[in-house]
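See structure below.
The values are calculated or read from the model by the stated rules, or taken from the named source; none is laboratory data. No experiment lies behind these values; they were computed from the predicted model shown. Cβ: placed from backbone, ideal geometry, glycine included. Neighbour counts: every protein chain shown. Side chains included, ligands, DNA and RNA excluded: accessible areas come from the protein's heavy atoms. Shrake-Rupley method; radii C 1.70, N 1.55, O 1.52, S 1.80 Å.
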Amino acid sequence: MISVAEAIQIVREHTVYLGSERVLLSDAPGRVLAEDIVADTDLPPFNRAQMDGYAVRASDVQAVPVRLRIVGESAAGKGWHNELQEGQAIRIMTGAPVPHGADAVQQVELTHELRDGTVVEILESAEAGRSIVTQGAEIRKGETVLRAGVPINAAMVAVLASFGYAEVSVGRQPRIAIFATGTELVNVDETPGQDQIRDSNNYTIEAYGQLANASVERLPLAGDEPTTLARRISKAAKQSDIVVTSGGVSMGVYDYTKTALKKLGAELSFERVALKPGKPTVFGRLPNGTLFFGLPGNPVSVTVTFNLFVRTAIWAMQGRSEPMLKQETAVLATNIRGTKDRESYLPAQLFTNDDAQLVAFPLKWGGSSDFVAFAAATALIVVPAGVTNVQAESIVKIIRMSDTL
Ligand code: AMP
Ligand code: MG
C-alpha cells in the first residue's frame, strides 16, 4: 500500500500537458491560461481624473475660497489638450485625461460655478496630486500581469480585455470518459427494483469533471461482467485522455475491474492507497496511452479519490501550475478518530469563532456510504496515518471542498 502523497506523485509523473489552443475571451473563464500576459500599454494610459470636478494648479488653490476662469472641458474619451495657465480651471469628468499644467482635481462638491459657468469658486484647498491617478501608476507597459498556469477567473477577464486579448491561449481540455460498474445499479430516471439502487457516481464524477474543466462523456452503466467491462474500458479509452470508472475494485467476488484491466494489458501503477475512504483506488495506463482511474464504488470514496487523484490529472493536463488542492489548517472542534495504517479524510464544516480562528466541526456521518451526510461538508479534515485520536482544540490540516467548485 502506498501513501496518498506517493499516489499523487505517481499520477503527476504519468500525466502529460496536452498543449494549448486559442479561444475567444468570452470562452476563457475557467480555462487554464497558457501564456504570460504582458501589458501593451501603461495603466492608466494618461494622468486620469478620479473624480468629477475641476482640474487646477494646486498652487492656485492654496488660499481659499478662490475664483478661477473655466477655459474648457475634459471628458472621458474627449480630453482638453492645451496647457492650463495660472488662474485657470478645466471642468473634468471621472476617467478623463488631466490636462498639462494641471496637477490636482478638486471634486465638484467642494466647488461652485458662477457667472453662467465661466468661473468656478474653489471652496477647499487641494494639494498636488489630489484625485489624479498618474500614468503607469497601476501597471507599466511591458510588465507581466498574469502568469501561465492559473485558472482564468472573471476578474482576470478584465485584465485580458484591457490589454487587447480578444483571443487567449489556454490549455486543452482533457476528454474524460466515465462509467459506473455494478449489477445493482439503475439509472436516475428508473425506480430501483428489488436489491437495486440508483447510480449516483456517474453524475458526481461528471459534475466534478466539469468543475475541473474537463470535457466529460458520461457512458451507460456497465454491470459486473469481466468481458463486457474490458470491452467497455477499451472502447472508452479510444475516445478519451482519461477513463474513470467507479466500483468493482474491492475484494468482492464480483469486483472485476482489475480482471478486465489485466485482460486488456493495462499497466497498473497502484491498486491500493493508504487512504480512508478510498483504499482500493486503481490507477494505470491502458495500452493506447489513455490513463485509467478505477475509483471505489462508495459515493463518498468517489468524491475523495476523484478530488485527490483524478482532479490533479485533469488540471495538470491543462497546464495548471498548482494542480493539487491546497491544504490549510484549522482548529478542531470535537475529538475525532483516525486510522492506524491509512490517512483519513473526514467531512467537516468550517466556521470562524469569536477569536477569528478557523474552526473545523466534524460532521456526524455513517462512513463512506453516507453521501447524504457528506453533502453538507464544506471541508475535509486530513488525519495522518497512525494518528488514532485527535483531541478537540488541536490544529488539524483541512482541504476546503469549496475549492473543488
Ligand atoms: P463496490 O466497490 O462495487 O463493491 O461498491 C461499493 C458500494 O458502493 C456498494 O454498496 C455499491 O452498491 C455502491 N455503489 C457502487 N457503484 C455505485 C454508483 N454508481 N452509485 C451509487 N452507489 C454505488
Ligand atoms: Mg460493485
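Remarks
- Filtered residues of region 249-262 (kept if of a type outside the set (Gly, Ala, Ser), touching a residue at least 12 places away in the same chain (Cβ under 8 Å) and more than 12 Å from ligand 2 (Cβ to nearest atom)): Lys258, Thr259, Leu261
- Residue satisfying all of: in region 187-219; of a type in the set (A, V, I, L, M) and in contact (Cβ under 8 Å) with a residue 24 or more places away in the chain; most open to solvent (accessible area, probe 1.4 Å) among these: Leu211
- Set Ala377, Ala360: member being surrounded by 16 or more Cβ atoms within 10 Å (Cβ to Cβ), of a type in the set (A, V, I, L, M) and in a strand (DSSP E or B): Ala360
- Scanning region 302-313 for residues that are touching a residue at least 60 places away in the same chain (Cβ under 8 Å) and touching a strand residue (DSSP E or B) at 6+ places or on another chain (Cβ under 7 Å) yields Val302, Val304, Phe306, Phe309, Val310, Ala313.
- Qualifying residue in region 283-293 (condition: farther than 16 Å from Ser368 by Cα, part of a helix (DSSP H, G or I), more than 16 Å from ligand 1 (Cβ to nearest atom) and touching an Asp or Glu at 6+ places or on another chain (Cβ under 7 Å)): no
Residues are listed down the side, and each one gets a yes or a no for (1) acidic (Asp, Glu); (2) at pLDDT below 95; (3) more than 16 Å from ligand 2 (Cβ to nearest atom); (4) closer than 19 Å to Ile2 by Cβ:
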| site | (1), (2), (3), (4) |
| --- | --- |
| Asp241 | yes, no, yes, no |
| Leu264 | no, no, yes, no |
| Ser269 | no, no, yes, yes |
| Ala274 | no, no, yes, yes |
| Lys279 | no, no, no, yes |
| Thr290 | no, no, yes, no |
| Thr312 | no, no, yes, yes |
| Asn335 | no, no, yes, no |
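- Number of the condition not met by Gly171 [criteria: (1) farther than 20 Å from Ser234 by Cα; (2) within 16 Å of ligand 2 (Cβ to nearest atom); (3) touching a Gly at 6+ places or on another chain (Cβ under 8 Å)]: (2)
- Residue that is nearest to ligand 1 (Cβ to nearest atom) [pool: residues in region 272-282 that are in a loop (DSSP other than H, G, I, E, B) and of a type outside the set (Gly, Ala, Ser)]: Pro280
- Residue that is farthest from ligand 1 (Cβ to nearest atom), among those in region 152-202 that are of a type in the set (D, E, K, R) and part of a loop (DSSP other than H, G, I, E, B): Arg172
- So Gln357, is it within 26 Å of the chain's Cα centre (by Cα) and over 21 Å from Asn307 (Cα atoms): yes
- Test: Glu217 is more than 15 Å from ligand 1 (Cβ to nearest atom) and of a type in the set (Asp, Glu): yes
- Scope region 292-302; condition open to solvent by less than 10 Å² (accessible area, probe 1.4 Å) and either within 16 Å of ligand 2 (Cβ to nearest atom) or modelled with pLDDT under 95 (or both); matching residues: Phe293, Gly294, Leu295, Pro296, Val300, Ser301, Val302
- Count of region 250-271 residues which are within 14 Å of ligand 1 (Cβ to nearest atom), small (Gly, Ala, Ser) and open to solvent by 10 Å² or more (accessible area, probe 1.4 Å): 2
- Of the residues making up region 224-249, those that are part of a loop (DSSP other than H, G, I, E, B), at negative phi and within 11 Å of ligand 1 (Cβ to nearest atom) are Asp224, Val249.
- Breaking point among (1) free of Cβ contacts under 8 Å to residues at least 40 places away in the same chain; (2) part of a loop (DSSP other than H, G, I, E, B); (3) open to solvent by less than 20 Å² (accessible area, probe 1.4 Å), for Pro323: (1)
- Selection status of Thr352, more than 13 Å from ligand 1 (Cβ to nearest atom) and without any contact (Cβ under 8 Å) to a residue 40 or more places away in the chain: yes
- The listed residue being among the hydrophobic types (A, V, I, L, M, F, W, C), open to solvent by less than 50 Å² (accessible area, probe 1.4 Å) and closer than 10 Å to Thr181 by Cα, out of Ala274, Ala222, Ala237: Ala222
- Residues that are closer than 28 Å to Glu393 by Cβ and in contact with a helix residue (DSSP H, G or I) (Cβ under 7 Å, 6 or more places away or on another chain) within region 304-323 comprise Asn307, Leu308, listed in sequence order.
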